[in-house]
There are 2 protein chains.
Amino acid sequence: MKLATLKNGTREGRLVVVSRDLRRAVSAETVVATMRQAIDDWVAVEADLRRLSEQLNAGSAPATFTFDPTQAMAPLPRSHQFVDASAFLNHGDIMVQAYKLDIKTEPGVCILVPRPGDDFRGPSHDYEFPTEADQCDFEGEFAVITDDIPMGATPQQALSRVRLVALLDDISMRAHLFKEIGLGFGLMRAKPATVFAPVAVTPDELGEAWKDGRIHLDLHVSRNGEWFGHPNGREMNFGFGELLSYMAYNRRLGAGLVLGSGTVSNKAYREVGSACLAERRAVETIDNGEATTPFMRYGERLRFEAKDAQGQSVFGAIDFKFVLSRREA
Amino acid sequence: MKLATLKNGTREGRLVVVSRDLRRAVSAETVVATMRQAIDDWVAVEADLRRLSEQLNAGSAPATFTFDPTQAMAPLPRSHQFVDASAFLNHGDIMVQAYKLDIKTEPGVCILVPRPGDDFRGPSHDYEFPTEADQCDFEGEFAVITDDIPMGATPQQALSRVRLVALLDDISMRAHLFKEIGLGFGLMRAKPATVFAPVAVTPDELGEAWKDGRIHLDLHVSRNGEWFGHPNGREMNFGFGELLSYMAYNRRLGAGLVLGSGTVSNKAYREVGSACLAERRAVETIDNGEATTPFMRYGERLRFEAKDAQGQSVFGAIDFKFVLSRREA
């Protein structure tokens, strides 16, 4: 089942079921009005949503319409808990090698970064930021959206509460990053609003590509229409189940939790490229002593997409451009 | 105006208006059903809520009932952005002096810790945690709840969007804290669910005690019925307006943002005591070379309350006990 949220002037938008080929959609309002309500009440609404999805894919649903991803908000427009992992250790290894970083790690413990969930962006919205001096970067990531997870849940129990899988671009302002890591209390200016692909899908939609709590898909990244990388999610060093269980050690996790994988990164990075500028710049630094790929400039475009074994886009594409923010206040 | 959320079996509870003396309440349902809806649509609902509040305080509201704080959830049961500051530098100074800490700071920049907002606790709920070895502590704090704040807002603009003031206990597991600060990406196991006093109030309710974006009230903390401290919020080194403006540098802040002050701490700590164990233990370490006040044990109780110039409890009291968590999964 594939779900999206369309703009309707409200904060939570309106939920629609999207066809497997992303061409058609049908309102979910006969079942539930918003993704927030759906994820808050998943067990009660799932069967009816799936029935609607089956009708849509069979061509028998009434009142379908063309799915326009430019009208999409983030699938879940707001979350009460957004955590971003850094679960591809290959990425960290490259960064440490390039910059001789002294990043402390604890064996078996994944970096998990609590983040605001109040301003998730849809896939096509111009992205404003105040100055190019902030060194604007991106990170292509897979993510899961969960139901309630009780305190003390095992990895397997936590994994069974994953309701949806999503694709996101974790915008990162590198000029602030190492300073904020040095302060040690979390990231603020280094990590502004996050951008989501239009469609979130139930794990079964991924077939064999959903395995061991990992998403075994290539994440295709392009910058201004040019290939940038297509690393695969299978090399995640910690599965989503393990990460969720770690988080649930002494807390209950509430429905609608969004957990990102961290920038997708592969050992064969020289063949498959990277999903963020920082990693490519680190490779350039290792090879040539300096980074030559520039950070993002106003007017530049990014695109992120993952396709299944049949070449079908799974989540739809993130495709947007950066613009100078105007003072709104 | 004083507002609270009562349990009704739903995730968001039901909104009630509470009388100034915290004795009576009236359902807000004729205006708006939940605090989430109220804060999402504040400008539209505020006048009608205030009218209800005036009727209640004048004794002319229909269908009032006794306000029972043990039936309260957190005033806003979930938030899409919870950030906890550490805006009383006196607290940090004591910690650094006691433990010779090497905490990096940037002049003029306040520590701001992004936190999950999915499990805010009401004032009377037993608080479960898995082991006393985690060194359970508390932090008495004031907090603000805001409306939308645009990117680039000035401190004054941001302050004008503060809709409510609240009181919270930021539960802290000290065995995890310095390790997680050392990792540098934010706090996870060190900071489980946060507990709120039953009532949130509009800033005007504080009168002269709301000044310079600070809450000029003593925060009374007791442990098992014994005085622990009553530091005053006026010594905050960064006002809430400055903190919000810092956060809004390159992001929009969404309605319902909860920003905590950090543990309230005063220069005269030898007279007024502290609002957390860590600070008292640090003072003991400075004075005697070792800390003797123990961390929280199962069965122990905490109480937090702030009173106005007339001795009236402003937010009602946080009053709960700690219990061993049972594996729910």
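The values are calculated or read from the model by the stated rules, or taken from the named source; none is laboratory data. Bear in mind the structure is a predicted one, so any value in this text is a computation, not a measurement. Note that we place each Cβ from the backbone using ideal geometry, even for glycine, and neighbour counts take in every protein chain shown.
Of the set (1) at positive phi; (2) at pLDDT 95 or above; (3) within 14 Å of another protein chain (Cβ to nearest Cβ), all apply to B:GLY59 but (3). Here A:GLU180 passes the criteria (1) modelled with pLDDT of 95 or more; (2) surrounded by 22 or more Cβ atoms within 10 Å (Cβ to Cβ); (3) out of contact with any Phe, Trp or Tyr (no Cβ under 6 Å at 6 or more places or on another chain) except the one numbered (1).
Among the residues making up the range A:116-125, those that are assigned to a loop (DSSP other than H, G, I, E, B) and either within 13 Å of chain B (Cβ to nearest Cβ) or more than 14 Å from the chain's Cα centre (by Cα) (or both) are A:PRO116, A:GLY117, A:ASP118, A:ASP119, A:PHE120, A:SER124, A:HIS125.
Within the range B:51-96, can you find the residues that are closer than 30 Å to B:ILE111 by Cβ and over 26 Å from the mean Cα position of the chain (by Cα)?
Listed by number, the list is empty, since nothing qualifies.
Residues that are in contact with a Gly (Cβ under 9 Å, 6 or more places away or on another chain) and within 13 Å of chain B (Cβ to nearest Cβ) within the range A:126-152 comprise A:PRO130, A:ILE145, A:THR146, A:ASP147, A:ASP148, A:ILE149, listed in sequence order. Determine which member of the set A:ALA268, A:ALA278, A:ALA291, A:ALA200 is under 30 Å from A:GLU12 (Cβ atoms) and among the aliphatic types (A, V, I, L, M). Just one listed residue meets the conditions, A:ALA200.
Would you mind stating whether B:ARG252 is within 14 Å of chain A (Cβ to nearest Cβ) and of a type in the set (D, E, K, R)? Yes; evaluated as a whole, the condition is true for this residue. The set of residues from the range B:263-290 being among the charged types (D, E, K, R) and crowded, with 19+ Cβ neighbours inside 10 Å comprises B:GLU279, B:ARG280, B:ARG281.
Looking at this structure, is B:PHE185 within 25 Å of A:LEU253 (Cβ to Cβ), crowded, with 24+ Cβ neighbours inside 10 Å and of a type in the set (A, V, I, L, M, F, W, C)?
Numbers: within 25 Å of A:LEU253 (Cβ to Cβ): yes; crowded, with 24+ Cβ neighbours inside 10 Å: no; of a type in the set (A, V, I, L, M, F, W, C): yes.
So B:PHE185 fails the test.
Yes or no: the range A:12-30 includes at least one residue that is in contact (Cβ under 8 Å) with a residue 40 or more places away in the chain, touching a Lys or Arg at 6+ places or on another chain (Cβ under 7 Å) and of a type in the set (D, E, K, R). The answer is yes; a qualifying residue exists. Scan the range A:40-54 and tell me whether some residue there is within 30 Å of A:LEU302 (Cα to Cα) and within 14 Å of another protein chain (Cβ to nearest Cβ). So far as the range A:40-54 goes, no, none of its residues is within 30 Å of A:LEU302 (Cα to Cα) and within 14 Å of another protein chain (Cβ to nearest Cβ).
Please pick out the residue among B:GLY316, B:GLY299, B:GLY311 that is in a loop (DSSP other than H, G, I, E, B) and closer than 21 Å to B:ASP68 by Cβ.
On the way: B:GLY299 fails: closer than 21 Å to B:ASP68 by Cβ; B:GLY311 fails: closer than 21 Å to B:ASP68 by Cβ.
From the options B:GLY316, B:GLY299, B:GLY311, the qualifying one is B:GLY316.
With the checklist (1) crowded, with 20+ Cβ neighbours inside 10 Å; (2) within 24 Å of A:ALA282 (Cβ to Cβ) in hand, flag the one item A:ILE103 doesn't pass. Only one criterion in (1) crowded, with 20+ Cβ neighbours inside 10 Å; (2) within 24 Å of A:ALA282 (Cβ to Cβ) is unmet by A:ILE103, namely (1). With the checklist (1) surrounded by fewer than 23 Cβ atoms within 10 Å (Cβ to Cβ); (2) within 13 Å of chain B (Cβ to nearest Cβ); (3) in contact with a strand residue (DSSP E or B) (Cβ under 8 Å, 6 or more places away or on another chain) in hand, flag the one item A:GLN71 doesn't pass. Checking A:GLN71 against (1) surrounded by fewer than 23 Cβ atoms within 10 Å (Cβ to Cβ); (2) within 13 Å of chain B (Cβ to nearest Cβ); (3) in contact with a strand residue (DSSP E or B) (Cβ under 8 Å, 6 or more places away or on another chain), the one that fails is (2). Among the residues of the range A:135-153, is there at least one that is more than 19 Å from the chain's Cα centre (by Cα), assigned to a loop (DSSP other than H, G, I, E, B) and crowded, with 24+ Cβ neighbours inside 10 Å? Yes, that holds for at least one residue.
Can you go through B:LEU259, B:LEU244 and tell me which one is within 14 Å of chain A (Cβ to nearest Cβ), part of a strand (DSSP E or B), closer than 17 Å to B:ILE215 by Cβ and modelled with pLDDT of 95 or more? Explain how you work it out, then say what you get.
Values: B:LEU244 fails: part of a strand (DSSP E or B).
Only one candidate passes the filter, namely B:LEU259.
Among the residues of the range A:291-323, the ones that are on the phi > 0 side of the Ramachandran plot and buried (at least 20 other Cβ atoms within 10 Å of the Cβ) come to 1 in all.
Any chance you could count how many residues in the range A:189-228 are of a type outside the set (A, V, I, L, M) and either in contact with a Phe, Trp or Tyr (Cβ under 8 Å, 6 or more places away or on another chain) or part of a helix (DSSP H, G or I) (or both)? Quick ask: steps written out before the conclusion?
At the first step, the residues of the range A:189-228 found to be of a type outside the set (A, V, I, L, M) are A:189, A:191-192, A:194, A:196, A:198, A:202-205, A:207-208, A:210-214, A:216, A:218, A:220, A:222-228.
The next check asks that each one be either in contact with a Phe, Trp or Tyr (Cβ under 8 Å, 6 or more places away or on another chain) or part of a helix (DSSP H, G or I) (or both); those that pass are A:189, A:192, A:194, A:196, A:198, A:203-205, A:207-208, A:213-214, A:216, A:220, A:222.
Residues flagged as of a type outside the set (A, V, I, L, M) and either in contact with a Phe, Trp or Tyr (Cβ under 8 Å, 6 or more places away or on another chain) or part of a helix (DSSP H, G or I) (or both) within the range A:189-228 amount to 15.
Residues that are of a type in the set (Lys, Arg), within 30 Å of A:ASP126 (Cβ to Cβ) and under 19 Å from the mean Cα position of the chain (by Cα) occur in the range A:221-228; there is at least one.
Taking only the range B:227-252 into account, find how many residues are acidic (Asp, Glu) and closer than 16 Å to B:SER160 by Cα. Outline the logic, then answer.
Within the range B:227-252, the subset acidic (Asp, Glu) is B:235, B:242.
From the residues that got through so far, the ones that are closer than 16 Å to B:SER160 by Cα too are B:242.
Looking only at that region, the number is 1.
The lone criterion from (1) in contact with a helix residue (DSSP H, G or I) (Cβ under 8 Å, 6 or more places away or on another chain); (2) basic (Lys, Arg); (3) closer than 22 Å to A:VAL283 by Cβ left unmet by A:ARG163 is number (3). Among the numbered conditions (1) within 10 Å of chain B (Cβ to nearest Cβ); (2) buried (at least 20 other Cβ atoms within 10 Å of the Cβ), the only one that A:GLN157 does not meet is (2). Residues in the range A:239-254 that are in contact with a Phe, Trp or Tyr (Cβ under 8 Å, 6 or more places away or on another chain) and surrounded by 24 or more Cβ atoms within 10 Å (Cβ to Cβ): there are none.
Scanning the range B:23-57 for residues being hydrophobic (A, V, I, L, M, F, W, C) and farther than 13 Å from B:ALA200 by Cβ gives a total of 11. Counting only helices (runs of 4 or more DSSP H) that sit completely within the range B:1-115, those holding 1 or more residues that are of a type in the set (D, E, K, R) and either under 30 Å from A:THR10 (Cα atoms) or touching an Asp or Glu at 6+ places or on another chain (Cβ under 8 Å) (or both) correspond to B:35-40, B:42-58.
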